[in-house]
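Following: one structure in structure tokens, then a few remarks.
The values are calculated or read from the model by the stated rules, or taken from the named source; none is laboratory data. As the structure is a computational prediction, the values presented were derived from the model and not from experiment. Neighbour counts run over all protein chains shown; Cβ positions are idealised from the backbone, glycine included. Side chains included, ligands, DNA and RNA excluded: accessible areas come from the protein's heavy atoms. Shrake-Rupley method; radii C 1.70, N 1.55, O 1.52, S 1.80 Å.
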Amino acid sequence: MSTIAAISTPYGKGGIAVIRISGEEALSVLGRVFFPRSKREITSYPPSNAVYGDVYREGKIIDNALAIYFKAPKSYTGEDTAELYIHGGVTLSRLVLEAVFSAGAVPARAGEFTERAFLSGKISLTEAEGIADLIDSRSASMAEIAASSASGRLSQKIGGIYDRLVALLGSVYAFIDYPDEDLTDVSPEEMKAELLKIKTELEKLKNTYHTGKAVCEGISTVIIGKPNVGKSSLLNLLLGEERAIVSPVPGTTRDTVEETAVFGRIQLRLIDTAGVRESEDEIERIGVERALAKAEKADLIFAVFDGSRELEHDDEKIIDELSRLKDKTVIALINKSDLERRLDTEKIKTLTDRVEYVSAFDEKDRDALVALVERLYVDDSLSFSDDGIITNARQYASVVSALDSVNEAFLSLERGFTQDIAGSLLEMATSSLGLCDGRKVNDDVVHDIFSRFCVGK
Ligand code: GDP
């Protein structure tokens, strides 16, 4: 494999910039551009030592710097790696990088250092995703979960279940290979008991995604209500001080925009907030159908009503339409609680039993809403830093598919089929789980994951 190099710090002026070089030639590339002040060869220093010296380009000193050589496998990538800590000038960084290229390194692709760490077995796929999430962290809780993934908590959890499946498979293979020898050391009953335990573990792991998704990916959310109930004012309350994305980003669907708000320990991905802001005569202008289409895209719906007025026809239409939606969490916000209440909530209670009295003007109501939403999405029995938590749809899909196969294996034994049938289902379960952590993952998925990183990581 070639020796790669890139600037690993962000583009721009700064105290220092780090140039990372990785591959078999890392030390010799370093030795061609960096000369210790001690006049000793850089190769004479033991690895993992910071050495002070001068950086040369085309025979002339262009900077003084610190250099560290990390000997394989004790490096980020698992390969021989060198890091140069130079002064953080934009042009300077580029010039030093050019010198490193002239000395034999080639430009690194985005994420290639981390990809090499995975390929050399230094980190698992979920650890790599943890590192990407750590860099992308939008809240302290997201950073906490990401750090736990990056340091291998999720990998260990998956690895534990994977090993149990493989051990069970081993016993079954003995039976398939030598059916007459009675080599299987697990009876169907014992196998069923072990499968139930594995199933429980997988279910627990699967359920962590409810929290992991809310913290790391965010809950897609809409605010719905007839004009003037206070949607726009409530939106501002929800976005609050911690508002994460200032410029609206294109949503998953045409014509929608999303804004992400850090909401306590979770994130809300508020869909079509532009529609909320220009909502005068919204019902008349876009019709209930459009409001409903918005709701269909969301997991969480805030249905807003004006508590200071009686329920009107438009409110009822919204209640009726929302009642038809399945698998949605609806929270009815009875707004303007600072005014005298005239609203009868009887019909609203047929839509949801989550009815909250709020005022868009009262900051304290945001805290109450955060607490309510956190109760819905955060499993407090989970430790963000210690439990393996699933944080993305890719990991979730592989755990669900492993769980399905384990269930089928259990059922096949229940129905009295021989253990070899259960064995082939267990084989599928290990493949699915193997995908999660990269034990059995294909190159496309690997490239896709690492392309999320920036150059230099
Ligand atoms: P939208 O059309 O649903 O987005 O509603 P707006 O947020 O534009 O609010 C409509 C009107 O209600 C504005 O005059 C707001 O100032 C007012 N309003 C919004 N929330 C409250 C509240 O909690 N209490 C009171 N008293 N007025 C509110």
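Overview of results
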| read-out | value |
| --- | --- |
| Helices (runs of 4 or more DSSP H) (entirely within region 339-457) containing at least 2 residues that are closer than 21 Å to residue 221 by Cβ | 346-351, 363-377, 393-414 |
| Among the candidates 367, 353, residue that is of a type in the set (Asp, Glu), within 16 Å of the ligand (Cβ to nearest atom) and more than 18 Å from residue 160 (Cα to Cα) | 367 |
| Helices (runs of 4 or more DSSP H) enclosed by region 214-326 - at least 2 residues per element that are at pLDDT below 60 and farther than 26 Å from residue 140 by Cα | 282-296 |
| Criterion (hydrophobic (A, V, I, L, M, F, W, C), farther than 19 Å from residue 111 by Cα, in contact with a Ser or Thr (Cβ under 9 Å, 6 or more places away or on another chain) and part of a strand (DSSP E or B)) met by exactly one of 29, 18, 51 | 51 |
| Region 17-60, residues that are open to solvent by less than 30 Å² (accessible area, probe 1.4 Å) and over 34 Å from the mean Cα position of the chain (by Cα) | 29, 30, 31, 33, 34, 36, 42, 51, 53, 54, 55 |
| Failed item in (1) in a helix (DSSP H, G or I); (2) without any contact (Cβ under 8 Å) to a residue 12 or more places away in the chain, with residue 46 passing the rest | (1) |
| Residue selected from region 336-350 under the condition more than 16 Å from the ligand (Cβ to nearest atom) and open to solvent by 80 Å² or more (accessible area, probe 1.4 Å), by the criterion farthest from residue 229 (Cα to Cα) | 350 |
| Residue identified as within 18 Å of residue 152 (Cβ to Cβ) and either open to solvent by 30 Å² or more (accessible area, probe 1.4 Å) or modelled with pLDDT of 95 or more (or both) among 417, 384 | 384 |
| Residue tally, condition open to solvent by 20 Å² or more (accessible area, probe 1.4 Å), of a type in the set (S, T, N, Q) and at pLDDT 95 or above, over region 92-122 | 1 |
| Top-ranked residue in region 321-335 [being open to solvent by less than 70 Å² (accessible area, probe 1.4 Å) and among the charged types (D, E, K, R); ranked as farthest from the ligand (Cβ to nearest atom)] | 328 |
| Filter result for residue 393 (at pLDDT 80 or above and touching a Ser or Thr at 6+ places or on another chain (Cβ under 6 Å)) | no |
| All positions within region 208-230 that are within 16 Å of the ligand (Cβ to nearest atom) and touching a Leu at 6+ places or on another chain (Cβ under 9 Å) | 221, 222, 223, 224, 225, 229, 230 |
| Residue count for region 123-166, restricted to those that are open to solvent by less than 10 Å² (accessible area, probe 1.4 Å) and of a type in the set (Lys, Arg) | 0 |
